[in-house]
Amino acid sequence: MLSNHTIAVIGAGNIGRALIGGLLHGHELDPDQIRATRRDAHALEELQAQFPGIRTGADNTEAAHEATIIVLAIKPQNAAQVIEEIRPHVPAEAMVVSVLAGVTTDALQQAFGQDLAVVRAMPNTPMLVDEGATALAGGRFSQPEHLALARQMFEAVGKVEEVPEYLMDAVTGLSGSGPAYVYMFIEALTDAGVKQGMPRPTAFRLAAQTVFGAAKLVIETGKHPAILRDEVTTPGGTAIAAVAELESHGLRTMLINAVATATARSKELSKLQE
Ligand SMILES: NC(=O)c1ccc[n+]([C@@H]2O[C@H](COP(=O)([O-])OP(=O)(O)OC[C@H]3O[C@@H](n4cnc5c(N)ncnc54)[C@H](OP(=O)(O)O)[C@@H]3O)[C@@H](O)[C@H]2O)c1
């Protein structure tokens with residue numbers, strides 16, 4: 001049960017803050033069960049004002065020492081130094097949840113130098129509005145209950161999938177980086193409306209809501225996207241004319257190649273972190 005835990009978010013930036021917000025909105029934890037650290041004093045004051053009752057500070061060791069779940073939410077380049085700092089203060093029974101892109105559970109295990117339960121998470125930025133897509137992978141010492149706790153944490157900010165760790169680079173290419181592709185799609189659809197004479201704000205709102213609504217319909221009906229597409233393509237109509245145009249430019253191949261490129265890049269970056 002998450003409600004029995006004390007969580008230390010080490011590096012409460014964008015991702016860490018979103019997680020704290022979700023945990024508090026969802027009443028998963030009381031504010032005094034949350035510790036949050038970062039170095040910037042002004043940002044710490046803002047954090048305290050945003051989430052009254054949580055304990056904020058720059059002292060990672062104190063936060064780690066008091067926690068039963070330690071969330072590593074610093075940037076990967078700060079990880080080695082932070083782990084070195086907190087390592088002697090991590091309680092043996094604590095669990096580590098890492099959102100560090102490209103850092104494997106084995107690498108974390110080695111850095112901590114003890115048989116800690118480590119769960120790796122790859123969230124995405126829509127978690128800022130509680131609509132994240134997060135993949136979780138357990139390390140060699142993590143048990144089902146550790147994955148269940150991590151699931152409960154990230155379900156406070158969206159949907160969760162458990163995957164074997166070797167798929168984490170593909171997750172980074174698909175859902176981790178995916179919001180960027182969707183933003184491009186919305187921007188392009190907006191331009192398309194403007195080209196047809198629509199005021200830009202109107203085109204933008206229609207484009208964004210169309211993406212949101214279509215995604216919601218896929219998720220809520222569980223229907224295959226091809227079936228939903230067939231339902232809007234009247235024979236000889238407008239949608240099929242546009243679909244044929246998109247197919248002729250290879251939209252599907254373009255996305256498959258984009259995700260393959262991002263996955264390969266994630267693998268390259270992971271090697272650099274080792
Ligand atoms: N953004 C994404 O889409 C995304 C998706 C999946 C995973 N991730 C992963 O999530 C992690 C965080 O990303 P983010 O976008 O939230 O970055 P961010 O906003 O820069 O947050 C990182 C935070 O770490 C703090 N920090 C740095 N050094 C520290 C230290 N020694 N002790 C304590 N705090 C320290 C920084 O604050 P101060 O400068 O005040 O110390 C900063 O607020 C990264 O590892 C990234 O790989 C991000």
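List of remarks:
- Residues being more than 24 Å from the chain's Cα centre (by Cα) and surrounded by 13 or more Cβ atoms within 10 Å (Cβ to Cβ) are represented in the range 234-241 by at least one member.
- Flag if Ala214 is surrounded by fewer than 18 Cβ atoms within 10 Å (Cβ to Cβ), away from the ligand (no atom under 14 Å from the Cβ) and more than 13 Å from the chain's Cα centre (by Cα): yes
- Cross-chain or 6+ apart pairs with Cβ under 8 Å, the range 10-30 first and assigned by TED's automatic domain parsing to the domain that holds Phe154 and under 16 Å from Met95 (Cβ atoms), then hydroxyl-bearing (Ser, Thr, Tyr) and more than 6 Å from the ligand (Cβ to nearest atom): Glu28/Ser3; Leu29/Ser3
- Residue in the range 49-70 that is surrounded by 23 or more Cβ atoms within 10 Å (Cβ to Cβ), β-branched (Val, Ile, Thr) and within 10 Å of the ligand (Cβ to nearest atom) present: no
The values are calculated or read from the model by the stated rules, or taken from the named source; none is laboratory data. Just so we're clear, the structure is a prediction, and the values are computed from it rather than from any experiment. When we count neighbours, we look across all protein chains shown, and the Cβ atoms used for this are built from the backbone with ideal geometry, even at glycine.
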